[in-house]
Amino acid sequence: MSVELPVAPVDTLIRRQAGDLRVSKDAAEELARRIQERGASLAAEAAEGARADGRKTLMVEDFSSSATGDESVTLPVAPVDRIARLDIPPEFRVAADARVALAAILEEWAADVADGARVLAEHAGRRTIQAEDIQTYLRLVE
């Protein structure tokens, strides 16, 4: 599975949580990969719900969240759309507002992960958030 998500916006998301810490390129790449996995999984679950309702279009309400599809997001919507389509059957479509809602959900999740990684880096006495911090945080919370 190739990473569809550009690293630059993910780096921006991590830096918002990093405070005075630096962010390694590997950390941004790791979080981008994890965002992609989570987005594909959320879309697959949403597709099951849409199928149960007799629809072939994923709607905002298929993503169980408070997201509305009107949010301002940092993650680019086109790659989020490609991520959403990774694990769903080709006959499904993703509504435009559902793409934005999915991006908002993924950003909120990524911010939580980045904040946890920051805490781990600080605890380790490092000044840089590394990929291992992302991996460790996700192992702890999963």
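Of everything listed in (1) open to solvent by 60 Å² or more (accessible area, probe 1.4 Å); (2) farther than 14 Å from Ile134 by Cβ; (3) touching a Phe, Trp or Tyr at 6+ places or on another chain (Cβ under 7 Å), the single unmet condition for Ala47 is (1). Checked against (1) within 15 Å of Ile14 (Cβ to Cβ); (2) open to solvent by less than 10 Å² (accessible area, probe 1.4 Å), Glu132 passes all but a single condition, namely (2). For the range 82-101, residues that are without any contact (Cβ under 8 Å) to a residue 40 or more places away in the chain and surrounded by fewer than 20 Cβ atoms within 10 Å (Cβ to Cβ) total 6. Determine if the range 16-28 includes at least one residue that is among the polar types (S, T, N, Q), in contact with a strand residue (DSSP E or B) (Cβ under 9 Å, 6 or more places away or on another chain) and open to solvent by 40 Å² or more (accessible area, probe 1.4 Å). Yes: the range 16-28 contains one or more residues that are among the polar types (S, T, N, Q), in contact with a strand residue (DSSP E or B) (Cβ under 9 Å, 6 or more places away or on another chain) and open to solvent by 40 Å² or more (accessible area, probe 1.4 Å).
When Ala110, Ala114, Ala101, Ala67 are checked against the criterion of being under 15 Å from the mean Cα position of the chain (by Cα), assigned to a helix (DSSP H, G or I) and modelled with pLDDT under 95, a single residue qualifies: Ala101.
The values are calculated or read from the model by the stated rules, or taken from the named source; none is laboratory data. Note that the structure is predicted; figures quoted are calculated from it, not measured. Here the Cβ is made from the backbone with ideal geometry for all residues, glycine too, and neighbour counts use every protein chain on show. Surface areas here come from the heavy atoms of the whole protein model, side chains and all, with no ligands, DNA or RNA. Shrake-Rupley method; radii C 1.70, N 1.55, O 1.52, S 1.80 Å.
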